[in-house]
Every structure is written in C-alpha cells, then in structure tokens.
Amino acid sequence: MLLAVYATTIFVTAALLFLVQPMFARMVLPLLGGSPAVWNTCLVFYQAALLAGYLYAHATTSWLGARRQAALHVGLVLLPLLVLPIGVPSGWTPPAAANPIPWLLALLAAAVGLPFFAVSTTSPLLQRWFAGTGHSSAGDPYFLYAASNLGSICGLLGYPVLLEPRLRLAQQSRLWTGGYLLLVAFTLACAALLWRAPVPALADPIRARPPGLTARRRLRWVLLALVPSSLMLSATTFISTDVEAIPLLWVIPLAVYLLTFVLVFARRPIVPHPLVVRALPIAVLALVVVLVKRANQPLLLIMGLHLAVFFVAAMVCHGELARDRPPPAHLTEFYLWLAVGGVVGGVLNALVAPLVFDTVAEYPLTLVLACLLAPGARGGGRAQLVRDLALPGLVGAMAAGLMLGAPPGRAAVSWLTLVVPALLCFGFSRRPLRFGLGVGAILLAGTLHTSAQGKVIAARRSFFGVNRVTADAASRFHFLVHGHTLHGAQSLEPARRREPLAYYHPSGPIGQVFAALGDPPAVAVVGLGAGALACYARPGEVWDLYEIDPLVERIARDPEYFTYLRDCLPEARVILGDARLSLSRAARRYDLIVLDAYSSDAIPVHLLTREALGLYLDRLAPAGVLAFHISNQHLDLEPVLADLARDAGLVALLQVDTHVTPAERAGGKLPSRWAVMARRPADLGALTSDARWAPPRASADGRVWTDDFSSVLGGLRWR
C-alpha cells in the first residue's frame, strides 16, 4: 500500500505539472502573436521554477530531515489554493516595440508561479521521504523517477488529444484545480505514512554528506542535463515554426524528452545503453546533412529525423546520468544539478541565443556538445590529441572545397558534397573529441552551401524567429525568408521595382481583389513582410500596416534589401504590436482589411477565431471586405474560414491559385490561396461572378474556433 500511494502521488504530481504548461502557454499565446518563442520562453520559466523547487527540496530535507520537512511541505501545498484557478490576470498587455520576454516571464510568475513551484517540489521530496520509510525498495528510490516521468507524458499527451479539443480554457483551468485538490489529499496521505513508518537506524541523518561527490562529477551532471534540454527547445522551434505554434506540436519533443528519463531510470532498462551510444554518430551525421541542405520536405520524414536524433542524444546523456546516480542520501542534490543543467540549456536557447546569434546556431552547437560528451576512447597521449584536432579540420576543408566546387543545379552532386565528408567523419566515431570536432567542421563548412532559397545576404534574429534576405543565383530577385518559408520577393530590375510579386502578384487572387474593389479609401494590412502590398496603394488613400516584429519593419525599410515601402508608400504608417491588440485601439474604419500574418509557414491561430472576426467586423466599414491569405504547406484553413463566415452570417469566397506557369514562376509569381468575406454579396463586386472564386468548403462538425477553443489536428497535412 505504501509504495502504491507514493507512486500514485508522484504520478498525479507529474501529470499536473505537465498539464499546466501547455494550458497556460495556450492562454498567453494570443497576446504574443503565436510565435514559437512564446513556448520556449515559457519552458525556461518552468525549468527555473523547477530548479527553485528542487533547491527547496534539497535545502529543507538537508536541514530538517525528511520527517520534519514533511510537516513544512504540507503547509506549502496548501498555499496555492489562495490563487487558484489559473488564468491570465486582467490588465496585462505586452509591450508593442520592446522585447516581450521580460513581460512574459513576469506574467508567468504572477499567474502560475506559486502553483507550479508547489507542484514541482513534490516528486523529489516524495522520493526522499520514501527513502526514509524503511520500505524494502527504499535503498534505491530512483525507479519512482520513471513513474514521475510517465505521469508527465500522460499529462502532456492528454492535453492536445483529450483536453484541448473538448474543453474551453476556463474549463481546463477548473479541471486542473480539481486535480490539485486531489494532490493535496495524496500528499497528506504520504506524510502520514512517513510519520507512521518505523525510523530506520540510519534514516534521516541531518546534514549527512556521504563521500564521493566532486566538483567535476557535478559539472558533468550539469552538462549531460544541459544538452537534452537545449536540443528539445531546438527541435520544438523547428517543428512549430514550420507547421503551427500549437500545444500538439510543442508537447511532442517534451514527451520524447520525458520518455528518455522513463527508459533510463526504469528498474530494468528497455533500451541497451551501448546501442544508443553506437547509434548516435549515425543519427547526428544524417541530421547534419539535412541541416546544411536546409531540407524541410517531406514533413513527416524530416520531423521524424529531428525527433529521432533528439531521442538518441537524450538517451545517451540521460543514460550516462542514470549510470552515475549517487546513493539516496544525495538524491535531492542529484536532481538539483539536473535542474541546473535544464535551466542553463533553456536560458541559452530562449534568452541568450536570440541576442548572440543571427541564426539558430545553438542547435548545431549543442549537437557537437552531445558528441563530445558521449562515452568513448579518450586520451592516448600527445600524438592522439594532434590527430583529434587535425583530422576534423581536414574533413571540414574537404567539405568546403566540395561545396564551392560543385556545379550549380546538380542536386545529386550537391548531396554528395555532404555525404562523402560525413562518411569520413563517421570513421572518427570511436573517439568523441575527434568525432565532435568533425561534426562541427562539416557544419561550419555548410555555411558556404547555397540552398534552394538562394544565397543569404543578410540574416537577422528576434523574439519571433530568424529572418533572412536571400538573392537568386542570377541576382534578379531579393527574397524575404522566415524559417523555411518565403514571405516576399522583389525584382531588382528598375522597371519592376514597384511590381508586387510572389503571393501578391497582380494576376493572383489579391490582385483581383484590388481590381474588383477599385481604390478602397482606407486599407489595413496585418503582416508587413517585404511590403509588396504597399504597391497597390493610390494617392489619397489611407494605409495602416500592422506588424508584430520590429525587425521585419527594419528589413522592409532598408533599401539595400527591399524598396516597396520607399517607392510605393514613402509615408507608410507601420503600427507595431500584435494586430488584435493594435486593431482594437484603431480610431478609423477600413474599407479593406488584409490578414497576411505568418510565422514561417504557421498562421497565428488567434487571428482566426470568432472573437478575432468580431474585432475585424467592428473595424470594417459597412460595405468593407476582409481578405485572408491562407497559403500553407501543412494546414488546411479553408474549413476554418467557412465555419467562421457561416457563424457570423457573412458571404465568403475562396480561390486556390495553384496553376502558375513556368514563365510566371520565372517572373516572380507563386501559387497562393486567398479567401474574402463581406456582409453582402454586392460588397465583393465582380468577384461574385468570377468563376475562379467559389464558396469555401465547411468542416464536418462545423465547430467554430474561439479564443479558448481551437483544434488544428484535423487540418494538418502530414506529407
């Protein structure tokens, strides 16, 4: 019974801990434009709170012993009842132009800090209490850590699969409060069982410090915990940037992360540690080739590769931690150093890297560190050290030479320039230093590689991601690329500088909208991009451009890269901040509102809800039109817009402009999907009689997205 109560309590604790993370991030996401950085910043806060919880667990058990500490902890778990249920406090508005990270961290502390801290302390404390009960398994309570992570996985996967599609956010919060009350009851039961258990002869020695822990050993624990934490955030950024910033995709890397703990701390490890150690070089080199090539299709294959490499690297690092775990007397300190590594990895990814790097450089750097930390042959004298340093340099030089010498337009040759150095590097895999440096050398040489999106002439990074300006091989066009997705293009020919290109071509759907409406006197554009839509402006019209990322405005206004704003709308009014918040403060009504907001290939969900549509209609003139750009590789948004239009009693039409000829592509036009809505058919003008425009297809269930309900699972295109 004692073991069952403790295991159940730890399971409930972990489930609550990892249910609240996507739930509150989902609550705050609409305030910050749907950026993947929202989730990564939240994870940093959660890791820091977890560190504080582990520090509390270690300090209080060291000073008081498990039995007296249990009395203190009972009081702590009662405190969060004063602030539940969890929600975003009224009056919290993010800054429009400043970095929103400090604001988000403060909001997390105010709204979820105390409950999260209380829950985060429970798992290590209960394992320490269990070690003092005299139970037959008390000598090695680490197997309870596997139960903790199993509960975490259930909480994580239960949110996007069970809770998010069925319950509104307010209902989710009330359910979490009920779960917390259950945790309080179980914690009281665990404390009672501890107090009733006979005191072992050597149990609870206050300030007992068995020998064996060194500074080097503690540092190794930190590094081994840092690598999986950093790789988890990197994989999350990749997946949610290219698909959608939704809990379903956030939780997959975190679930993999937790699964590795379950596997390595199980009483009988399921996956042999030597097997994952040997698999690591193969997995890493495959990912290195994909990273250099900037490949992101087919989605399932590329996503699977990123997750597989993350799984193998985390299994190696966490397996090394499990093999080096100390006696139970050092249990809370062991978890404390693991938490330190997790926090450092999170801080480096979410807070430091965006300030230091112009690209997502932390991902390859952490891959190299994972290789350096892997077990293998080390030392061997000066001669071996020289070879460990020199051979990777030669492989990197070879990779650079092959890439520079490869003929353009030969895909097979381009892949071989990476595969050959990767195979040579695999020969170093028995020596971690040599192999890790070889991986780093190939990645460094990969910066010379020209991707399908062109040669990079500028790269800038902000809270909202990495924006790159690229040029095609013939230097005829400049492109704006966010993540892996093109967001704008401009011809460098003087005669075509004012011509909107890519998704905004005059012959495309949005060009037809402007032609049908004539010259709308007042226009709002949500999502600036390179500024191509500005060239539809005419003298005397009022145009307001809404953009959440200040970096995008700086790029669009820099004539070295793009001149749409300078040439077509020199007095352009760019309003920074989330569009919904900014539009709610707008003083005028618009004849046309264009919704063109993207984060890489992901459209912020909060811009496609009933409440968002109500705001747009409130800011729309009586005969005004809404235009939605819904081009997307991975998400079918046609039914979402159809349901919104039906719910609001609007007329809706959609055009899928995918038949772009090779000549049109060469001239800068891209396929696109656009939808329009209006209060009456007459407001859409000639579009109603244009055969290219048709009513959008409704969803099967007709359920409308709202601010506290949306589920994109059914709309994902897994190809």
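The values are calculated or read from the model by the stated rules, or taken from the named source; none is laboratory data. Predicted model, so just to flag it, every value in this text is computed and none were measured. We place every Cβ from the backbone using ideal geometry, glycine too, and count neighbours over all the protein chains shown.
Set side by side, the residues Val395, Val352, Val386, Val360 differ, and just one is in a helix (DSSP H, G or I), within 25 Å of Val312 (Cα to Cα) and of a type in the set (A, V, I, L, M), which is Val395.
From the list Arg434, Arg430, Arg410, which residue is surrounded by fewer than 17 Cβ atoms within 10 Å (Cβ to Cβ), among the charged types (D, E, K, R) and at pLDDT 85 or above? First the steps, then the outcome.
Details: Arg434 fails: surrounded by fewer than 17 Cβ atoms within 10 Å (Cβ to Cβ); Arg410 fails: at pLDDT 85 or above.
When all the criteria are applied, what remains is Arg430.
With the condition kept exactly as written, say whether any residue in the stretch 549-569 is out of contact with any Asp or Glu (no Cβ under 7 Å at 6 or more places or on another chain), over 16 Å from His487 (Cα atoms) and either buried (at least 21 other Cβ atoms within 10 Å of the Cβ) or hydrophobic (A, V, I, L, M, F, W, C) (or both). Within the stretch 549-569, one or more residues are out of contact with any Asp or Glu (no Cβ under 7 Å at 6 or more places or on another chain), over 16 Å from His487 (Cα atoms) and either buried (at least 21 other Cβ atoms within 10 Å of the Cβ) or hydrophobic (A, V, I, L, M, F, W, C) (or both). Mind listing whichever residues of the stretch 491-541 are exposed (fewer than 15 other Cβ atoms within 10 Å of the Cβ) and in contact with a His (Cβ under 8 Å, 6 or more places away or on another chain)? Selection gives Leu492 alone.
Please list, ordered by residue number, the helices (runs of 4 or more DSSP H) wholly in the stretch 607-710 having 3 or more residues that are farther than 30 Å from Ala25 by Cβ. Talk me through it step by step, then tell me what you get.
Numbers: elements: 610-618, 638-648, 662-666.
Helices (runs of 4 or more DSSP H) meeting the threshold: 662-666.
Only residues that are within 38 Å of the chain's Cα centre (by Cα), closer than 17 Å to Ala131 by Cα and not aliphatic (A, V, I, L, M): list them for the stretch 59-76, please. The answer is Thr60, Thr61, Ser62, Gln69, His73.
Considering Arg387, Arg378, which residue is of a type in the set (D, E, K, R), modelled with pLDDT under 90 and over 27 Å from Pro228 (Cα atoms)? After applying the criteria, what remains is Arg387. Met303 fails exactly one of the following numbered conditions: (1) modelled with pLDDT of 85 or more; (2) assigned to a helix (DSSP H, G or I). What is the number of that condition? With (1) modelled with pLDDT of 85 or more; (2) assigned to a helix (DSSP H, G or I) applied to Met303, the lone miss is (1). Does the stretch 459-477 hold any residues that are modelled with pLDDT of 85 or more and farther than 20 Å from Pro550 by Cβ, and which are they? Selection gives Thr470, Ala471, Arg476, Phe477.
Here is a yes/no grid of residues against (1) over 27 Å from Ser710 (Cβ atoms); (2) modelled with pLDDT under 85:
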| residue | (1), (2) |
| --- | --- |
| Phe24 | no, no |
| Ala52 | yes, no |
| His58 | yes, yes |
| Gly65 | yes, yes |
| Leu82 | yes, no |
| Leu104 | no, no |
| Ala110 | no, no |
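Scan the stretch 512-543 for residues that are part of a helix (DSSP H, G or I), without any contact (Cβ under 8 Å) to a residue 60 or more places away in the chain and under 33 Å from the mean Cα position of the chain (by Cα) and the total you get is 2.
Figure legend. Inter-residue proximity from the stretch 252-263: first residues closer than 14 Å to Met303 by Cα and in the same structural domain as Leu150 (by TED's automatic domain parsing), second residues buried (at least 21 other Cβ atoms within 10 Å of the Cβ) and of a type in the set (Ser, Thr, Tyr), beta-carbon distance below 7 Å, spacing 6+ or different chains. Indicated pairs: Pro253/Thr236. Which of the residues spanning the stretch 589-606 are modelled with pLDDT of 90 or more and either assigned to a helix (DSSP H, G or I) or surrounded by fewer than 18 Cβ atoms within 10 Å (Cβ to Cβ) (or both)? Scanning the stretch 589-606 gives a single hit, Arg589.
Per-residue answers, yes or no, for (1) modelled with pLDDT of 85 or more; (2) under 30 Å from Leu78 (Cβ atoms); (3) buried (at least 21 other Cβ atoms within 10 Å of the Cβ); (4) under 27 Å from the mean Cα position of the chain (by Cα):
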position	(1), (2), (3), (4)
Leu175	yes, yes, no, yes
Gly178	yes, yes, no, no
Leu181	yes, yes, no, no
Leu202	no, no, no, no
Pro211	no, no, no, no
Ser230	yes, no, yes, yes
Asp242	no, no, yes, yes
Trp250	no, no, yes, yes
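Being in contact (Cβ under 8 Å) with a residue 40 or more places away in the chain, of a type in the set (Lys, Arg) and more than 19 Å from Val704 (Cβ to Cβ) is the filter here; which residues of the stretch 645-684 pass it? Hits for the stretch 645-684 are Lys669, Arg673, Arg680. Of all residues in the stretch 511-539, those being farther than 15 Å from Cys568 by Cβ and of a type in the set (A, V, I, L, M) number 7. Among the residues of the stretch 258-279, the one identified as closer than 24 Å to Phe435 by Cα, modelled with pLDDT under 90 and crowded, with 21+ Cβ neighbours inside 10 Å is Thr260. Do we find that Ala313 is at pLDDT 90 or above and crowded, with 18+ Cβ neighbours inside 10 Å in this structure? Considered against the rule, which asks whether it is at pLDDT 90 or above and crowded, with 18+ Cβ neighbours inside 10 Å, Ala313 comes out as yes.
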